[in-house]
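A.B. asks: Okay, here's the structure, questions in a sec.
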Amino acid sequence: MRLEKLLAFAFVALCGGVLTFSLTRGQNPPPQLPAQAPQNRPLSEPAAAPGRDLAKLTPLQQQMYLAAQRGADWLYRSNRPDGRFEYGFLPALKTKLDGDHFLRQAGAAFALARAARFTGDERHAAVARQALLTLLLETSTTDVPNAKLLMRHTTLPSVAVNRLAAAGLLVLAINELPQPAGDLLEQSEELCNYIGRQLQADGSLCYWDNPADPQPNSDPEGINYYPGEALYALMRSQQHRPADWKKDVLRKSLAYYRPWWQKNKNMAFVTWQTAAYAEAYLATKEQPFADFVFEMSDWLCELQYKTLDPRHPLWTGGFLAWTDGKPATVAPTISSASYAEGLVEACRAAKQAADPQRHQKYKEAVQRALQFTATLQFTEANTQHFADWYRPRLVGGFHASHQDGNLRIDYNQHAVSTMVQYLAYLTD
C-alpha cells in the first residue's frame, strides 16, 4: 500500500511538472537582444567628447548631448550581426517595422559615424564601419570613358536604389568616420567620380541611370533629395581628398538649382542643398554660395512655430508644412530635425560671413527645433509602461510625431546628426 501511494505521488508530480513546462513554453518568452548591445549608460555619466568638459555646457547643451548619445546608442543596438540596422519598430505591437531600404541604411551609418567622430566612442565607430563595409558589398565599379578613372555605384539600378543618393550617403558616411582607412577613402573617391559624371550641361545632377534618357516620372520628388545629398558629399570629401573639380561641380550646380528652387520652393530641398553650399562657401569664400544659403534659410525660419500656442503647446520649435506653394498649419513631425540640420550649416556660413544677426537668428531656430525634437525621443522616464525586456529596443529612439510612436532609423539619423553638429559648431 505504501509503495502504491509513493508511485501515485510521483505520477502526480510528473504530470504537474509537464503541465508547468508546457505552460511556460507557450508564453513565448521575449527575444534576446544582440550580444553586442551595451547597457544603457547612466544619464549622470555621459561619455565626454575628446577635449570637452561637459560641466561647462549650458543645461540645453547638456540635454542635447545626452539625447544625441542615447540616439547613437539606439542605432548601435539596432545593428544586426549581418552589419545592417533594424529598420524600425512598432512599439504598440512590439514588432519590427517593414519597409527597409538601402538609402536609409546608409543614412544610419552616416549618423553613427558622425556621432562616433564627435564623442570618440570606439564601439559606435566600429559598428558604423562594419555597416559601411556591408553596404559597399552591394556596389561595383566601371571605367570612366576616356579617363583612367573608376566610378563606383550600386549594382541595383536607380529604380530600386537611387544610385546618385546612394553614392552621396556612402561618401558622407566614409568621410565622417574617425580616421577612415585608405581603402575606404579610395572607394569614396570612386563614388565621387560617379557623382561627377552625373553633372549635366545645365548644371543639374542626373539622378537616373542614363543622362541621355528623359527624366522618369516614377520619382518626381527625387530632385528635392538626391542631388543635394550628392553635392554635400562632394564637399565633405574635400577634407580627405581635396580636388578642384568638386568645387567646379558646386559652382555649376548653383547656377541651376537656385533659380529652380525659387520657382519650386520645397522644405525637403533646403536641408541638403544648404549643407552643400555652406560647405562650398566655407571652402571657397565665394559670396554666391552664401547668398543662396541665406535665401533658403531665411525662408525656412519663417515656417517655424516660434511662440507657445496654448492649443498646441507641444508644437513650439517644430515646423509648418509647405503644401501647394503655401504654408500649412499642421502638427510638426521629426522632419523638423532635418530642417534644423540645414540651419546648423547656415550658422557656420553666417559666422564665416561675419553676419551676427543671421547667425543668432539661425542658432535660436536650431535650439527651438532641437528642444522640440527631444520631446520625440523615448527615454527611461517615458517608457516605464513597457516591459523591462522590451524597453532597451525603444530607449534612445526618436519617433515620428506626438501622434505616431513608430521608430525608424532615418528618424534617428536626422536627430542625432543635427544634435552632434549643433554641439560641434554652435557651443562655445
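The values are calculated or read from the model by the stated rules, or taken from the named source; none is laboratory data. Note that the structure is predicted; figures quoted are calculated from it, not measured. Note that each Cβ is placed from the backbone with ideal geometry, even for glycine, and that neighbours are counted across all protein chains shown.
A.B. asks: Can you tell me which residues in the range 198-232 are among the small types (G, A, S), under 15 Å from A160 (Cβ atoms) and not in a loop (DSSP other than H, G, I, E, B)? Working first, answer last.
C.D. replies: Of the residues in the range 198-232, the ones among the small types (G, A, S) are 201, 203-204, 212, 218, 222, 228, 230.
Cutting the leftovers down to under 15 Å from A160 (Cβ atoms) gives us 218, 222.
Hit for the range 198-232 is G222, nothing else.
A.B. asks: Six or more apart or on different chains, Cβ under 9 Å: which pairs go from a residue in the range 171-183 that's free of Cβ contacts under 8 Å to residues at least 12 places away in the same chain to one that's outside any loop (DSSP other than H, G, I, E, B) and hydrophobic (A, V, I, L, M, F, W, C)? Could you list them?
C.D. replies: The qualifying pairs are Q179/A125.
Each row is one residue, and each column tells you yes or no for (1) among the aliphatic types (A, V, I, L, M); (2) over 16 Å from the mean Cα position of the chain (by Cα).
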position	(1), (2)
R104	no, no
A109	yes, no
K148	no, yes
T154	no, yes
V161	yes, yes
L169	yes, no
L177	yes, no
D183	no, yes
Y194	no, yes
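A.B. asks: Does K265 satisfy the condition of being outside any strand (DSSP E or B) and either among the small types (G, A, S) or surrounded by 17 or more Cβ atoms within 10 Å (Cβ to Cβ) (or both)?
C.D. replies: Numbers: outside any strand (DSSP E or B): yes; either among the small types (G, A, S) or surrounded by 17 or more Cβ atoms within 10 Å (Cβ to Cβ) (or both): no.
Judged against the criteria, K265 is not a match.
A.B. asks: Which condition does S253 not pass, out of (1) more than 20 Å from the chain's Cα centre (by Cα); (2) of a type in the set (S, T, N, Q); (3) surrounded by fewer than 23 Cβ atoms within 10 Å (Cβ to Cβ), if it passes all the others?
C.D. replies: (3)
This table checks each residue for (1) in contact with a strand residue (DSSP E or B) (Cβ under 8 Å, 6 or more places away or on another chain); (2) more than 21 Å from V144 (Cα to Cα); (3) touching a residue at least 60 places away in the same chain (Cβ under 8 Å).
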{"position": "C192", "(1), (2), (3)": "no, no, no"}
{"position": "W208", "(1), (2), (3)": "no, no, no"}
{"position": "I223", "(1), (2), (3)": "no, yes, no"}
{"position": "Y226", "(1), (2), (3)": "yes, yes, yes"}
{"position": "A230", "(1), (2), (3)": "yes, no, yes"}
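A.B. asks: Further, regarding this structure: Give the residue that is surrounded by the fewest Cβ atoms within 10 Å (Cβ to Cβ), with candidates limited to residues of the range 44-92 that are at pLDDT below 90 and not in a loop (DSSP other than H, G, I, E, B).
C.D. replies: Per the criteria, the residue is A55.
A.B. asks: Kindly indicate whether any position in the range 280-289 is under 20 Å from the mean Cα position of the chain (by Cα) and surrounded by 15 or more Cβ atoms within 10 Å (Cβ to Cβ).
C.D. replies: Of the residues in the range 280-289, the ones under 20 Å from the mean Cα position of the chain (by Cα) are none.
No, the range 280-289 has no match at all.
A.B. asks: Something else: Does N264 meet the test of being at pLDDT below 95, over 23 Å from the mean Cα position of the chain (by Cα) and of a type in the set (S, T, N, Q)?
C.D. replies: Values: at pLDDT below 95: no; over 23 Å from the mean Cα position of the chain (by Cα): yes; of a type in the set (S, T, N, Q): yes.
No, not satisfied.
A.B. asks: Would you be able to say whether some residue in the range 201-223 is among the β-branched types (V, I, T) and either closer than 18 Å to F110 by Cα or over 24 Å from the mean Cα position of the chain (by Cα) (or both)? So that I can check it myself, show each step before the final result.
C.D. replies: Quick first cut of the range 201-223, residues among the β-branched types (V, I, T) only: 223.
Keeping just the survivors that are either closer than 18 Å to F110 by Cα or over 24 Å from the mean Cα position of the chain (by Cα) (or both) gives none.
No, the range 201-223 contains no residue that is among the β-branched types (V, I, T) and either closer than 18 Å to F110 by Cα or over 24 Å from the mean Cα position of the chain (by Cα) (or both).
A.B. asks: Which residue, of A349, A374, is more than 18 Å from the chain's Cα centre (by Cα), at pLDDT 95 or above and buried (at least 16 other Cβ atoms within 10 Å of the Cβ)?
C.D. replies: A349
A.B. asks: Please indicate, with yes or no, whether at least one residue in the range 229-248 is more than 26 Å from D143 (Cβ to Cβ) and not β-branched (V, I, T). Walk me through how you get there before you give the answer.
C.D. replies: Let us first name the residues in the range 229-248 that are more than 26 Å from D143 (Cβ to Cβ), namely 232, 239.
Then drop every residue that is not not β-branched (V, I, T), which leaves 232, 239.
Yes: one or more hits.
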